[in-house]
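Below is one structure, written out as structure tokens, with a few remarks after it.
What follows is calculated from the coordinates using simple rules that are stated; it is not laboratory data. Everything quoted here is computed from the prediction, not taken from an experiment. For neighbour counting, all protein chains shown are included, and Cβ atoms are generated from backbone atoms with ideal geometry for every residue, glycine included.
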Amino acid sequence: MSLNRIFGRIPFLALVLGAIGCAPELDDRLYLLDEPRILAIRAEPAEARPGETVRYRALLAGEAGAIDDTIEWAFCNQRTPLSSLGSVHPNCARESDPALEEFGSASLEAEGALPGLGCRIFGPEIPAPLPDEPPGRPFDPDGTTGYFQPVRAMFFVEDEPRFAFQKTRIFCGIGVGSADDRIAFNRRYRMNTNPDLSSVKIYKGEDLLLTRVLGENQTEIPTVDRSAALRVVVEWPHCPDRIDDLEPGGCNGAEPFIYYDQEDLSLVERREAMRVAWYSTGGFFEFDRTGRDHGEEERDSENLLYLDGIEEERRVHIYAVVRDERGGIGFIDAAIDVK
Amino acid sequence: MLTKKYQTPALLLVAATVLGAMIPALGAAQPTIEPPAILEFVAAEFPESERENSEGATVLLQIAISEEGEVVGIAILESAGEAFDRSAIEAVKQFRFSPAKRDGVPIPVRIEYAYDFVIHEEEIEITTATILGTVVDRNGGERVEGAVLELDDGTRVITDEEGRFAFEEIEPGARTITISGDFIRPVSATEEVVAGERLEVVYEVSLEEEDDEDDDLDFEFVVTAPRIRRQVVATEISATEGRRVPGTQGDVLKVVENLPGVARAAAGSSALVVWGAAPEDTRTYVDGIHIPRLYHDGGFRSVLHSDMVRSVELIPGGYAPPFGRGIGGIVRVRQRPLDEDGFHGSVSLDVIDAAASIRAKLGKKVHLAASFRRSHLDSVANLVSKDDVRDIIPIPRYYDGQLRLQYTLGENERLEIGGIASSDRIDRTVVNSDPALTSRDSRGMDFFRVYLRYEKQKEDLGTISFLQYYGQDRRSLLNRFGGVPTHIDNNSNIVGLRTSWSSKLHERVALEVGLDAEILSADLSRGGAVGAPPREGDARVFGQAPADRIGSDEWSALIASAGVYASVAINLWEDRLRILPGFRLEPYITRSSRAVPSAGDGPGAGTQRYDLAIEPRLSVLLKANDWLGFKAAIGRYHQPPAAEDLSAVFGTPTLGPARSAHYLLGANIRLMEKMNLELNGFYTYSDKLVWRSVAEQPFLAQALEQNAVGRSYGGQALLRIEKIGPFFGWLSYTLSRSERKDVPSLDWRRFDYDQTHNLTALGSFDLGKGFEAGFRVRYSTGYPRTPVIGSYYDATADLYQPIFGTRNSIRIPAFVSLDIRGAKSFKIGEYIRGEVFLEIQNLMNRRNPEELVYNPTYTQHDYISGFPILSVFGARAEW
């Protein structure tokens, strides 16, 4: 909710408390696909060790739906400085740079072996110090004690390069905690598995218009009028509550995992939080993003899609991308006709 | 002593031409002629009307002298003007001559006589002295008109409307002056005056209430020595004046924002940026006690109740040796003297907060003062809004209080214990449909100080003072933005000791020596991203989520220093030239409990370093004449690292003090009796500044580096009208540039707080019958920002990240605002004085950009604007 909206409701407050400021109206509709954008990049497997081969698949979509375009793939091998709030080193957001190690330039999918120095550049390992020089600083882990190898995906829109980055979770152990903690972590930790959205359901009121199941083609495209408000629900599989109960192949839902809590200085087990990003080629979603927190056991998330902004009959493509807390990604799509 | 005098000298030019009776004798046989000679000379008065414009004149006269030698006739042969002619005739009439003689027989004659009026300079011995002075009301600094000052020889003078008086040509030695008046009980002071010299004094008196009938109580007053102005560039505003400045809502200390050298802070910010220095580089003192902040969060209010304030002084740089540990400026708050009889107090209320204060005299020697203030802005917001606005908008909640107890030990000797406390809280949570994006912002800042102060003013007008204080600062920060939590807790204990002794070593030399020590012991914990919160120099945009790499640390730090200083004031050239050399020697100890990040459960090894700061300082003040003065200062300054920067994970435990050198040059021009123009130029250069490492693989425990340098330079002007009729005000303008080099080999870049132009014009009119009206106009350049020239998508975090252009190469547009203030004061009954006021800020309803913001994909940008039009009304009653 923007401050403008607040002040619109309470003009007196704007008068009295206006010193706090007014936010401008900017286009913040992340869900609206009005130009080609990479919505997600899925790595398979979701977590690997340096040197292992990983297959990447990008979801690229625009105002007409999914796009099949050429993507240039490269590993980014330059560490981000502490002074940068960015996800990757700025040198990697270029068409070419010594920091980039290209591994594919063909389609939406590519396969490459993770650089062998991933745990040294982006992980807890530090190179041996030179004489009279202090040791280097290890890379800080994220909140799940994870380390990531950045992967650049570049495509062009009207000859202008567009950059997206996938950060592949690499297993390097943990660089924090006591020796006992590290041993316990390595023993109990289970590599991440990508989540899947097992289905997407579209309701109009109480009426179920569509059920799309992952892995099956959408055979029927429902038609709705422009005044409709649709309830879109996505689901992901159930996962056991405890790590020890996980199947060997992992689970495509909100998995339990173990991480090192740097505040409590202890290993903690918890369920992955799940985030869902929503996209459409028309109408507007009530929320850009929804999700479930660690403590929520529900396996679904929903959003409202309003179609009253659509002025002509057309097909509207809907995408939902789910992300688990450890960097795993899954997505699903559906289409409806608006009259 | 050589003094210019106007006199008619005994210079005679006698053209001993014998006329009349002498001429007929020329054709006879050679008689013996004896000319007349002056027996008695009378000097002519130099005409009063000609003193200013004439450098002298000559009158040529013809004088007729009888046989008896008397002057019997005078004629003007060559006039020098009526005044000179008349004066010459009057003098010559009184001349007596020996008669002229021919062959020994007296005869009448006529002679020509030239009388010269000349100005002579002669050396005369001055055996008297002069005392010039001003009588001011201690409570508020108003000048006292009508005060009667009586010298011990019975000479009486009365102060004029400016509170000024003068005793001229008085006998030197110890002279006692008694001050009395309608509202002043008779008190006296003894001054040592020297022949040929002029002593300037300021007497501070406390005025009685008109209806005070308690005549038995002692009435204390303080004689202050002529102020040895040690700060070359300083602007001091009295509480009375500060209250009336528009935009302050009656808060005296908020007037600092309007002084030259201070950059305009962004709306909702409490930062004080002085001469381009970082906010943390400027220190705030309350009668020598260092406090961590001047304003509450949001900048709505200062942390001290205005009733407890006598004046506030901003010293933007080049300050004197008693102060240190800061490479920026200094804000000095002087507390209100506790010397009033009876019971006084005030209550006030406005939309922001409510406050109360009391001042009371308990017995003959004890004074008590207390104040308390609490904000209710959050409650007002809830009352007038349907939503829980606090969850969206950072509305500060604060309180502050002061308690003072003063015991008068003797004349000009007092002991005081007291305390200052302040607390701030901000809590807000912005719920998002994605729990990971639910934002939480919780901040707190509490501090208190308790102190013991002893002060004695010596007979030679020197002082002895001792101040010891203890306090705690507690800062807490808990943020969760973009799914990355950040927390910082800093609990610090501070012990300060400040003692000084000053005395007059010689008629022209005064000395002050002292000790200024401070020990800070802090326990800290921090977790989250290294870059959160961001610090100066980080490339970022407003609202950008912190990096998702996190760390955690717990550490303790000790930062201690003891500054020993000496300062000499040398007055030369009839006090027109004042040279103030000084020196401060300050050893620092900096200790951190962890030299490297903790590894598991193992004990951490600490680190400690010693530094010695040698800080020479020099100020020179030259008063060229009554209306023009010059000043210059140079000084060296050090600032210890912040305890929060000594973390092995988030900072560098081995940081040492930063250094700075200040160079100032200025002039004071008195344009009119109450109109002064002050012009100052400044240059500061700092090195060993701390900044975030840009190394891709920094060394362990070196997240911060200490090799940045900075410089600020510019000029400022202050045209100040003290009070002309019903008006007072000032016009201040600062032109400055503040730059940094994060690495010496890089080019200079604009500092985050650089503000090129800053103009403030304000004034207040006393409209009579209790009505007041004021205005304030402000213009300031926007702060620099780093442009975003592109973006990339982090598909794992589902987040767009900016690609930056040249650091700080663009600016937020300029700020322009017109504020007005109206007030009406009135009496409620016999004892209570009330006031209501209304302030309207940004009267033009201009959309002032305050911050640059982007949409989530960084394809659009716009500005967060400050308040549209803001009305604040309030009421106050005092007795």
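Quick notes
- The stretch B:234-363, Cα convex hull volume normalised per residue, Å³: 115
- For chain A, diffusion coefficient by Stokes-Einstein and Kirkwood Rh (Cα), 20 °C, 1.002 mPa s, µm²/s: 97
- In the protein assembly as shown, a dipole from Cβ-located charges (positive for Lys and Arg, negative for Asp and Glu) runs towards its positive end, and of B:37, A:273, B:563 it is A:273 whose Cα lies farthest in that direction.
- Here the Karplus relation 6.51 cos²θ - 1.76 cosθ + 1.60, evaluated at θ = phi - 60°, turns the backbone of the stretch B:683-699 into coupling constants of 8, 10, 10, 10, 9, 6, 7, 9, 8, 6, 5, 9, 5, 5, 10, x, 5 Hz, with x for every Gly and Pro.
- To the nearest ten degrees, helix B:82-92 and the longest principal axis of the Cα atoms of chain B are 50 degrees apart.
- Once the convex hull of all Cα atoms in the stretch B:718-776 is built, its volume per residue stands at 85 Å³.
- For the protein assembly as shown, the residue among B:484, B:783, A:130 whose Cα projects farthest onto the positive side of the dipole built from Cβ charges is A:130.
- Anisotropy class of the stretch B:458-555 from Cα gyration tensor, a/c 1.5 cut: prolate
- Over the stretch A:31-176, the Kirkwood radius and the radius of gyration, each from Cα atoms, give a ratio Rg/Rh of 1.01.
- Exceedance of the 28 Å cut-off in Cα-Cα distance is limited, within the set B:504/B:631; B:674/B:827; B:723/B:769; B:504/B:688, to B:674/B:827; B:504/B:688.
- Hydrodynamic radius by Kirkwood, which averages 1/r over all alpha carbon pairs of the stretch B:330-878, in angstrom: 27.5
- Summarised in one figure, the compactness ratio Rg/Rh of the protein assembly as shown, Cα atoms and Kirkwood Rh, is 1.15.
- Solvent-free Debye calculation, one equal scatterer per alpha-carbon of the stretch A:191-339: log10 I(q)/I(0) at 0.09, 0.10, 0.11, 0.20 Å⁻¹ equals -0.33, -0.40, -0.47, -1.14.
- Nitroxide proxy distance, nm - points 7 Å out along Cα→Cβ at residue A:180 and residue B:723: 7.5
- Under 29 Å from residue B:93, Cα to Cα: lysines that are on another chain or at least 8 residues apart: B:4, B:5, B:101
- Residues B:844, A:191, sorted so that the one with the fewest Cβ neighbours within 10 Å comes first: B:844, A:191
- Here, P(r) means the percent of Cα pairs in each 10 Å bin from 0 to the largest distance; for the stretch A:91-216 it is 9, 26, 26, 22, 11, 3, 1, 0.
- Helix A:179-188 axis, angle to chain A major axis (alpha carbon atoms, nearest 10°): 50
- For the peptide A:157-166, the mean number of other protein chain Cβ atoms found within 10 angstrom of a residue's Cβ is 3.
- Annotation: lysines with alpha-carbon distance below 25 angstrom to residue A:204 (same-chain offsets under eight excluded): A:339.
- Taking the number of Cβ atoms within 10 Å of each Cβ as an exposure proxy, the fewest-first ranking of B:153, A:300 is B:153, A:300.
- Dipole of chain B, positive end: most advanced residue of B:622, B:710, B:407 [Cβ charges, Cα centre]: B:710
- Candidate lysines for bridging to residue B:361, where Cα separation is under 21 Å - those fewer than 8 sequence places away on the same chain excluded: B:456
- Inter-site label distance for residue B:458 and residue B:374 at 7 Å from Cα along Cβ, in nm: 4.8
- Residues listed by number, the stretch B:774-816, amide nitrogen under 13 Å from residue B:861 label point at 7 Å toward C-beta: B:783-791, B:802-813
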